[in-house]
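Taken together, the values in this text are just the output of simple stated rules run on the coordinates, not laboratory data. The structure presented is a predicted model; accordingly, all values stated were derived computationally and were not measured. Note that we place each Cβ from the backbone using ideal geometry, even for glycine, and neighbour counts take in every protein chain shown.
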Amino acid sequence: MTLLKNKIYIIFIVIISTIFLSSCGYKKINQLNKQLIHIQKVEIVGDNRIGFNLKNSLLMNSTSNSANKVNIKINISKKKTIKEKDSTNKISKYNMKLDVFLEISDLDQNKIVTRNFKKEREINVSTSHSGTVQNEKKAIENLTDLLAEDISNYLNLYYRN
């Protein structure tokens, strides 16, 4: 008898919890809405490889039937500095820093919005030069992906309000 009451009680709790959680109005804040902006032109200053990847990521969030028409200028600077040396004075770690200065020109409102984005990552020096170059490429690729995500989130939040 108590086993049956426990099962009914558990089923009742699951049903009530489902009802309350499904109607709470929760909505992800960074939910991509592809109808927010239409990027008409992207101008890249600086590293072209990084700029090309950023441009492609931003254009994926753009749609032609959006109300907000914008031009974007991306100024990219890449800086590689020595982070650590070992006891024999050989470099063991580098620090890769990407700075992106974003300038958004809203064509409908004749308004210009600027924003800086910065990301950095540590690069381990490999025993071979090609390994170090490979590590650097991976770090730049990861930093570019993080920057693209940050810029997309910024644009999404800016034009949502």
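As I understand it, the dipole of the chain uses +1 on the Cβ of Lys and Arg and -1 on the Cβ of Asp and Glu, about the Cα centre. Which of Asn6, Asn135, Ser77 lies farthest toward its positive end? The listed residue farthest towards the positive side: Asn6. For Leu107, nonlocal amide neighbours, meaning residues 5 or more places apart or on other chains whose placed amide H falls under 5 Å from its own, are Lys69, Val70, Asn71.
Across segment 106-114, coupling constants 3J(HN,Hα) worked out from phi with the 6.51/-1.76/1.60 Karplus curve, θ = phi - 60°, read 7, 6, 6, 9, 6, 10, 10, 10, 10 Hz, and Gly and Pro carry x. Sorting the segments 52-64, 6-18 by their mean number of nearby beta carbons within 10 angstrom, highest to lowest, gives 52-64, 6-18. Within the chain, the whole DSSP H helices whose Cα atoms reach 15 Å or more along their own axis and whose mean Kyte-Doolittle score is at least -0.5 are 2-22, 48-59.
Charging the Cβ of each Asp and Glu at -1 and of each Lys and Arg at +1, and nothing else, the dipole of the chain about its Cα centre rounds to 260 debye. From least to most packed, judged by other beta carbons within 10 angstrom and beginning with the fewest, Ser92, Ser130 follow the order Ser130, Ser92. Here is how the number arises for the chain: DSSP H runs of 4 or more residues each give -39500 (n - 2.57), the sum is divided by the residue count, and the result at 222 nm is -14000 deg cm²/dmol.
Counting only residues at least eight positions apart within a chain, or on another chain, the lysines with an alpha carbon under 18 Å from that of Lys138 are Lys78, Lys79, Lys80, Lys83, Lys93, Lys97, Lys118, Lys119. Can you tell me how segment 27-161 classifies by the Cα gyration tensor, rounded, prolate or oblate, using a/c under 1.5 as the rounded cut? Prolate.
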